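Comments concern the structure below.
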Amino acid sequence: MKIKNTAFVSVILLAAGESKRMGKPKLLLSFGSSTVLGSTVDNLLGSDANEVIVVLGANAPETKKAIAGKAVKIIINPDYRQGMSTSLISGLGQVGRQAQRIMVALSDQPLIDRETYNKLIRESLDSDSGIAVPTHKSRRGNPIIFDISYKAELKQLKGDVGGRELLKRHPGDILEVAVNCEGIYINLNTMDDYKSALN
């Protein structure tokens, strides 16, 4: 069920990487009854977020097929080789006008469950802080939620950096949200990571 009478939350799901460390398109690997990307998308769609924008780049035709029919907005970033910032900026250009919060999520984190996304959203909306980041056992992870007031600054990022760069710039505006999910810092970068996540 979507949040009622509160802020509109847009998700930018970064899914444009080349999977260099995996050696094959990691987002297309089987995961549960779906793929790595499909599982991540399904968890986000099942959360209280209001829209999900998926930014594709490498292997875009195949990756697009993997999420065909899902209620997401798909964007192709032709400049994905120039770094993560280009994908983030591509996604920011598609954020709905009514958005008051922007969640920047990573596509290779299928172990993050819906309740974790929802807790982060709830506490972000209940806080005066402009940035919300999840923690597990005092370790920070992803996704990160930004107040819409940070949109312009996010659009100025360059190179292979993402929203985490703003955490360095605005340490006093960060809300840490403790969650019971170690998936917030588990990325499937290598085949060992993938096999471990399957287990």
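Evaluated against (1) in contact with a Leu (Cβ under 6 Å, 6 or more places away or on another chain); (2) under 25 Å from SER19 (Cβ atoms), VAL177 falls short on exactly one condition, (2).
Name the residues in region 5-29 that are surrounded by 17 or more Cβ atoms within 10 Å (Cβ to Cβ), more than 17 Å from VAL52 (Cα to Cα) and of a type in the set (S, T, N, Q), would you? The one that is surrounded by 17 or more Cβ atoms within 10 Å (Cβ to Cβ), more than 17 Å from VAL52 (Cα to Cα) and of a type in the set (S, T, N, Q): SER19. Taken together, ILE74, ILE53 contain a single residue that is without any contact (Cβ under 8 Å) to a residue 24 or more places away in the chain and surrounded by 16 or more Cβ atoms within 10 Å (Cβ to Cβ), which is ILE74. Quick one: in region 134-154, of everything that is among the aliphatic types (A, V, I, L, M) and within 17 Å of the chain's Cα centre (by Cα), which residue is farthest from ASN43 (Cα to Cα)? Checking each candidate, the answer is LEU154.
Please find, among GLY163, GLY159, GLY141, the residue that is touching a Phe, Trp or Tyr at 6+ places or on another chain (Cβ under 7 Å), of a type outside the set (A, V, I, L, M) and modelled with pLDDT under 95.
On inspection, the qualifying residue turns out to be GLY163.
Scanning region 123-154 for residues that are touching a Gly at 6+ places or on another chain (Cβ under 8 Å) and farther than 18 Å from ILE112 by Cβ gives ASP147, SER149, TYR150, LEU154. Among the residues of region 1-60, those identified as of a type in the set (A, V, I, L, M), more than 29 Å from GLU123 (Cβ to Cβ) and in a loop (DSSP other than H, G, I, E, B) are MET22, LEU29, ALA58.
The values are calculated or read from the model by the stated rules, or taken from the named source; none is laboratory data. Being a predicted model, the structure only gives us computed values, none of them experimental. So basically every Cβ, Gly included, is an ideal-geometry build from the backbone, and we count neighbours across all protein chains shown.
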